Structure formats: structure tokens, C-alpha cells
Amino acid sequence: MQRKTLTQFLIEQQRAGDMTADLRLLIEVVARAVKAISVNVSKGALAGVLGEAGSDNIQGEAQKKLDVIANDILIQANEWGGHLAAMASEEVETIQAIPRDYPKGGYLLLFDPLDGSSNIDVNVSVGTIFSVLRCPGDCQTPTEASFLQPGDDQVAAGYAVYGPSTQLVLTVGRGVHGFTLDREMGSFIYTHADMKVPEHTQEYAINSSNARHWEAPVQRYVAELQEGKTGVRGKDFNMRWVASMVADVHRILTRGGVFMYPMDEKSRSKGGKLRLMYEANPMAMLMEQAGGAATTGRERIMGLKPEKLHQRVPVIMGSRNEVERVTGYHNDA
Ligand code: P6P
């Protein structure tokens with residue numbers, strides 16, 4: 001099979017009218033930034049980039065050196081291109097304005113620069129998640145309110161997973177497409193055309209140490225999975241929990257499953273664990289574009305009207321039949 005690069009794929013999408021030149025530039029620039037993050041992540045201890053940065057992020061979480069490195073790489077890569085009106089990052093409280101020296105464009109880029117960074121020091125897969133919105137109204141002076149759009153308004157979403165290979169998975173609303181980094185050539189090769197989440201699955205992902213804090217519908221659902229063929233589900237299930245959302249979601253996009261970080265008593269006061277704007281929304285767009293589903297347990301994630309840039313939500317996403325079952329249990333309760 002002739003190896004198609006990301007650039008060729010994007011040019012063909014632009015030619016087909018599925019994306020603007022600026023959106024193509026945005027994705028190319030994010031892909032280049034992801035390559036630089038991959039280089040840093042894969043050096044690990046050799047580059048002195050492991051461990052704590054000695055600072056906390058807006059979430060009050062201790063930042064890893066690589067969190068800060070990845071954040072800076074994404075900001076510096078995107079600020080000069082003229083495709084963005086502003087950026088927002090999990091690692092920074094306020095929105096990131098485009099420096100005066102550079103032109104502004106019509107897109108807003110949001111990202112979690114290094115998701116799952118607690119896994120960095122133990123050499124387990126981590127990732128970068130990004131979401132693209134249009135800047136509404138006057139793009140000369142974007143504010144936080146400019147970003148507070150529902151997930152349905154995303155024009156693109158994707159992630160990079162830094163695992164045994166570095167893969168970039170993205171959607172611009174025409175299905176989900178995966179690329180694998182050829183390190184020798186330094187280019188992303190189109191390796192996963194039109195990824196689909198299998199409707200049925202026998203695999204689920206949840207941090208079971210929180211079981212006593214879950215709401216009844218989740219406790220019921222997980223108990224049925226654990227009863228396996230001796231219970232109402234009539235088949236056995238397997239459990240995986242990487243504690244890197246990108247790695248868990250990538251596995252589900254590749255072979256099915258359901259990912260859950262539901263509301264629990266521990267995180268209720270914060271609204272949940274995962275962030276809406278740059279974790280739940282982009283992953284929800286990918287899941288729906290791949291034939292899966294994504295809800296809070298009670299409503300579609302991409303229908304939510306955001307109130308705050310860093311707000312958190314409960315997340316249940318993956319194989320459609322499983323998400324509908326869990327959501328049904330919530331609505332029954
Ligand atoms: P826990 C990583 O910190 C993250 O935001 C997601 O990537 C991951 O799914 C979740 O938190 C892991 O949370 O409570 O299992 O450590």
C-alpha cells in the first residue's frame with residue numbers, strides 16, 4: 001500500500017472541501033509539536049525531564065517537568081501561524097493570547113498537553129489531547145467566554161498517544177483517522193483509516209478503588225460486569241485501567257470497550273474528575289465520529305453548555321450499547 005502521509009491526507013481533505021487552509025495548517029502545526037513532545041517523552045531520564053517541575057497547575061496538581069515542556073512546545077508552535085485567535089491549556093489558568101507581533105486567525109485551540117503525566121515517571125503511555133473551535137464574533141479580542149461553546153461546535157479534535165509507537169488520531173467531522181509516526185522520516189503515516197468503535201465489547205475501564213464512592217447506577221452496572229456469565233449479562237468481561245485517558249480511549253477506539261470516570265462522592269464537589277473542554281469534549285467527538293457514544297451518565301457530553309474553562313464532568317464513553325445501558329440505569333434511578 002502506498003504510504004500516505006498526514007500532509008497528503010490533509011491536502012486531500014482540503015481539496016474535498018472538508019477543511020480550510022488554516023485548519024490544515026493548524027493540524028500540521030499541532031502534529032509537528034506532537035513530534036517534539038514525543039522526542040522529549042521518549043528520552044525520559046536521559047534528558048533530565050522526569051519528576052516534578054516544582055510548580056502547581058490551575059487544578060492544584062503538582063506539574064511534571066514534561067507537563068511544562070509539552071505546554072510550552074504547543075504554545076510556541078502555534079502562536080506565530082496566524083491561524084489562531086487564542087489558545088487554552090489545562091496547565092494554565094487564563095486563556096493564552098496571541099502575541100501582538102503575530103496575526104490572528106479564526107480558530108481557538110484547547111489542549112491537555114500531557115495527559116496522564118503521573119505515568120511518566122513509571123514509563124507508562126501518556127498523551128496529548130486537543131480540541132478546535134471557531135472564534136465567535138470579534139476575533140481580535142477573544143476572551144474566556146469565546147471558548148465556552150458546546151462540544152457539538154468543535155470543528156476538529158484529536159490526540160497523540162506516546163506508547164510503543166507514537167500515534168496521532170484525529171477527526172474533522174468526517175470519521176476518525178489514525179497516523180503512526182515514522183521516526184526515521186519524521187512524518188506521520190496514514191495507518192488507521194476510518195476507525196470504528198465496535199458496538200459490543202467485553203472490556204471495561206474504570207478505577208475500581210472508587211467503587212464505594214460511585215452512584216448506584218454505576219455500582220449496579222459494574223457489579224453485573226463482574227458477575228459475568230453467572231449474572232444477567234450472560235458473558236464474562238475483562239477490565240483494563242491505564243490511568244491515562246488517552247491510552248484507555250485509544251484502546252477502545254481500536255478494539256472496543258467502555259471508559260468510565262463517573263461522578264463519585266470524592267469528586268462531586270468539583271463536578272467530576274475529567275475536564276470538559278480539553279478532555280471529555282474532544283474524546284466525545286472522536287467516539288461519536290467512530291460510531292460510539294459519550295455521556296455524563298445522564299446526558300450527551302457534547303450537548304453541555306460550558307460555564308467555566310476548566311470545569312469537570314463525569315465521563316462514560318465507548319461502545320454505544322454499553323454507554324446506552326449505563327446511561328439507561330442512571331435514568332431508571
Ligand atoms: P486516577 C490522568 O491524571 C487523568 O486525568 C486521566 O488521564 C486518567 O484517566 C485519570 O486522570 C486517572 O485518574 O484517579 O485513576 O488516577
Mean-square fluctuation maximum in Gaussian network of the chain, Cα pairs under 10 Å, restricted to Ser125, Ser267, Ser117, hits Ser267
Considering only protein heavy atoms, what is the solvent-accessible area of Ile69 at a probe of 1.4 Å, reported in Å² to the nearest 10? 50 Å²
Quick one: the Cα spread of the range 203-332 along its three principal axes, in angstroms, biggest first? 44, 31, 27
Give me the percent relative contact order of the range 6-192, please, defined on Cα pairs under 8 angstrom at least 6 residues apart. 16 percent
I'd like the accessible area for His200: 1.4 Å probe, protein heavy atoms, all chains in place, Å² to the nearest 10. 130 Å²
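Counting GluC sites (Glu not before Pro) as exposed when in a DSSP loop with at most 16 other beta carbons within 10 Å, what is the longest stretch of the chain free of them? Could you put the intermediate results ahead of the total?
Working: sites that count: Glu61, Glu93, Glu184, Glu199, Glu265, Glu299, Glu307.
Here the longest run is 94-183.
Per residue, how many Å² of accessible area does the chain show with a 1.4 Å probe? Show your work: numbers first, answer last.
Working: 13740 Å² over 333 residues.
It amounts to 41 Å² per residue over the chain.
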In the range 214-275, the trypsin sites (Lys or Arg not before Pro) that fall in loop regions by DSSP, at most 10 other Cβ within 10 Å: Lys235
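Relative contact order for the range 248-333 using alpha-carbon pairs under 8 Å, separation at least 6, rounded to a whole percent? Don't skip to the end; give the middle numbers.
Numbers: 139 pairs, mean separation 32.1, N = 86.
With pairs under 8 Å counted, the relative contact order is 37 percent.
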Count of lysine pairs, the chain, Cα-Cα under 23 Å, sep. 8 or more residues or interchain, comes to 16
Paired Rg and Dmax values of the chain, which use every Cα atom, in angstrom: 19.3, 66
Can you give me the % of accessible surface on the chain that is carbon or sulfur? Probe 1.4 Å, all protein chains present, nothing else counted. 49 percent
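How do Tyr102, Tyr261 rank by accessible surface area computed with a 1.4 Å probe, from largest to smallest? It would help to have the intermediate numbers written out before the result.
Details: Tyr102 85, Tyr261 30 Å².
Ranking Tyr102, Tyr261 by accessible area, largest first, yields Tyr102, Tyr261.
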How large is ³J(HN,Hα) for each residue in the range 277-291, as worked out from phi by the Karplus curve 6.51 cos²θ - 1.76 cosθ + 1.60 (θ = phi - 60°), to whole Hz, x for Gly and Pro? 6, 10, 10, 5, 5, x, 5, 5, 5, 4, 4, 5, 5, 9, x
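Give me the orientation-averaged projected area of the Cα convex hull of the range 1-153, in nm², one decimal. Don't skip to the end; give the middle numbers.
Numbers: hull surface 44.2 nm².
Reported value for the Cα convex hull: 11.1 nm².
Tell me which trypsin sites (Lys or Arg not before Pro) from the range 64-113 have a DSSP coil assignment and no more than 15 other beta carbons within 10 Å of their own. Don't skip to the end; give the middle numbers.
Details: sites: Lys64, Lys65, Arg100, Lys104; in loops: Arg100, Lys104.
Sites meeting the loop and neighbour criteria: Arg100.
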Working from Cα positions, state the angle (0 to 90°, nearest 10) between the long axis of helix 21-43 and the longest principal axis of the chain. 70 degrees
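Is the shape of the range 25-90 rounded, prolate or oblate, going by the alpha carbon gyration tensor and its root eigenvalues a ≥ b ≥ c, with a/c under 1.5 for rounded and a/b larger than b/c for prolate? Each step should come with its number before you reach the end.
Values: a/c = 3.32, a/b = 1.40, b/c = 2.37.
Because a/c hits 1.5 or more and a/b fails to exceed b/c, the range 25-90 counts as oblate.
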For the range 126-222, what is the Kirkwood hydrodynamic radius in Å, using each pair of distinct C-alpha atoms? 17.1 Å
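Just by accessible area at a 1.4 angstrom probe, what is the order of Trp214, Trp241 from largest to smallest? Intermediate values should be presented prior to the final figure.
Working: Trp214 25, Trp241 70 Å².
Final ranking, largest accessible area leading: Trp241, Trp214.
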In debye, nearest 20, what is the charge dipole magnitude of the chain about its Cα centre with +1 on Lys and Arg Cβ and -1 on Asp and Glu Cβ, if you could check? 580 debye
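For the chain, what is the mean residue ellipticity at 222 nm derived from helices alone (per DSSP H run of n ≥ 4: -39500 (n - 2.57); sum divided by total residues; nearest 500 deg cm²/dmol)?
Details: 8 runs with 96 residues, N = 333.
So the helix-based figure for the chain works out to -9000 deg cm²/dmol.
The values are calculated or read from the model by the stated rules, or taken from the named source; none is laboratory data. In this text the structure is predicted, and so the values were computed from the model without any measurement. Virtual Cβ from ideal backbone geometry, glycine too; neighbours counted across all protein chains shown. Please note that ligands, DNA and RNA were not included when accessible areas were found on the heavy atoms of the full protein model with its side chains. Shrake-Rupley method; radii C 1.70, N 1.55, O 1.52, S 1.80 Å.
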